[in-house]
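The values are calculated or read from the model by the stated rules, or taken from the named source; none is laboratory data. Just so you know, these numbers come straight off a predicted model, no measurement behind them. Here the Cβ is made from the backbone with ideal geometry for all residues, glycine too, and neighbour counts use every protein chain on show.
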Amino acid sequence: MIVTTSDKPSQKALATAKRLADELSAPYVVRGRQTLRQLAEKMEKIELIVVTEKEVRFYDGQTETPLYFHPSMAFVRVKRLRKGESDPLIDLTDCKPGDRVIDCTAGLASDSLVFSYAVGETGAVTAIESQAILCAVVREGLAVYQSGLPDVDVAMRRIQMINVNHAQYLTGLPDKSVDIVYFDPMFRQPIHESSALEPLRNLANDSELTADAVREAIRVARKSVVMKEHRDSGEFARLGFERRHVNTSKIAYGVIEVAGSRNE
């Protein structure tokens, strides 16, 4: 993999590219007037990270569409929250202003953004992503993306994104130190018609969620542990989740309520 920029980068874009190259242990290459294809062929590299003035893009050499941060449907969901409407995930988790949330499998951070808006300035959302490239691309996007709504942008900036294995991270936390722990692993039964996820599939960690990680989540959560999966998935039963809500015809949430949480 190499890191480069647009053909006429600003000093800010240039600095970002060199920082990401150091972070990801990849060479920084001056783009010049070369096309991305020419650059890839010259360097004999298939994977590229390209820093533009507005975003960081990842090209995996397998799909034509680059991976980059965009709030997508999360933006629609947050706009509904702004109008006082409900969101199934927020309702299901009993997420309130001031809550502390860990999104253990952040991916493109869509649910992290919804949580961040819901918990507000007094809350906190930590987004965990085990894949270094994905974490870097999304983290940089959260830091600079302009939605046109200042309060939504502030919610993006509040998200703390960390490149670490979620099981390792949870193990290091004290008991009852957060309110909600959320898992959205790559589905065991993929929904292939979800074209928005295509650039993500070849990069994301597709390991199954472990029972040990769920036990750690229960230990550190004060309210609930929640998992999103395919409606017909056997993961709910395997990991001890009670399926509660079908968000679409093929997506469901599973919940483990922490003992006594509703009465505290």
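Pairing residues of region 91-105 that are in contact (Cβ under 8 Å) with a residue 40 or more places away in the chain and within 17 Å of C135 (Cβ to Cβ) with residues that are buried (at least 18 other Cβ atoms within 10 Å of the Cβ) and of a type in the set (S, T, N, Q), at Cβ distances under 6 Å and at least 6 apart in sequence or on separate chains, gives I102/T126; D103/S112.
Mind listing just one residue for me: the one in region 31-46 that is charged (D, E, K, R) and surrounded by 12 or more Cβ atoms within 10 Å (Cβ to Cβ) and, of those, modelled with the lowest pLDDT? Spell out the reasoning first.
Initial filter on region 31-46 (charged (D, E, K, R)): 31, 33, 37, 41-42, 44-45.
Of the ones still in play, those that are also surrounded by 12 or more Cβ atoms within 10 Å (Cβ to Cβ) are 31, 41, 45.
Working: R31: 87, E41: 81, K45: 72.
It comes out as K45.
Scan region 117-132 residue by residue and report those that are within 20 Å of E208 (Cα to Cα) and either assigned to a loop (DSSP other than H, G, I, E, B) or in contact with a strand residue (DSSP E or B) (Cβ under 6 Å, 6 or more places away or on another chain) (or both). Within region 117-132, A127, I128, E129, S130, Q131 meet the criteria.
Restricting attention to region 48-79, which residues are of a type in the set (V, I, T) and assigned to a strand (DSSP E or B)? Selection gives I49, V50, V51, V56.
Sub-7 Å Cβ pairs linking a first residue in region 147-174 that is within 22 Å of I218 (Cβ to Cβ) to a second residue that is assigned to a loop (DSSP other than H, G, I, E, B), at least 6 apart or interchain, are V164/S130; N165/S130; H166/C104; H166/T105; H166/S130; A167/T210, ordered by first then second residue.
Quickly run through region 13-46 and pick out the residues that are small (G, A, S) and under 29 Å from the mean Cα position of the chain (by Cα). Reasoning before the result, please.
Filtering region 13-46 for residues small (G, A, S) gives 13, 15, 17, 21, 25-26, 32, 40.
Within region 13-46, A13, A15, A17, A21, S25, A26, A40 meet the criteria.
Checking each residue in region 94-116 for being outside any strand (DSSP E or B), over 23 Å from L48 (Cα atoms) and in contact with a strand residue (DSSP E or B) (Cβ under 9 Å, 6 or more places away or on another chain) picks out D94, C95, K96, G98, D99, C104, T105, D111, S112, L113, F115, S116.
Within region 107-117, restricting attention to residues that are crowded, with 24+ Cβ neighbours inside 10 Å and in contact (Cβ under 8 Å) with a residue 60 or more places away in the chain, which residue is farthest from L173 (Cα to Cα)? My answer is L108.
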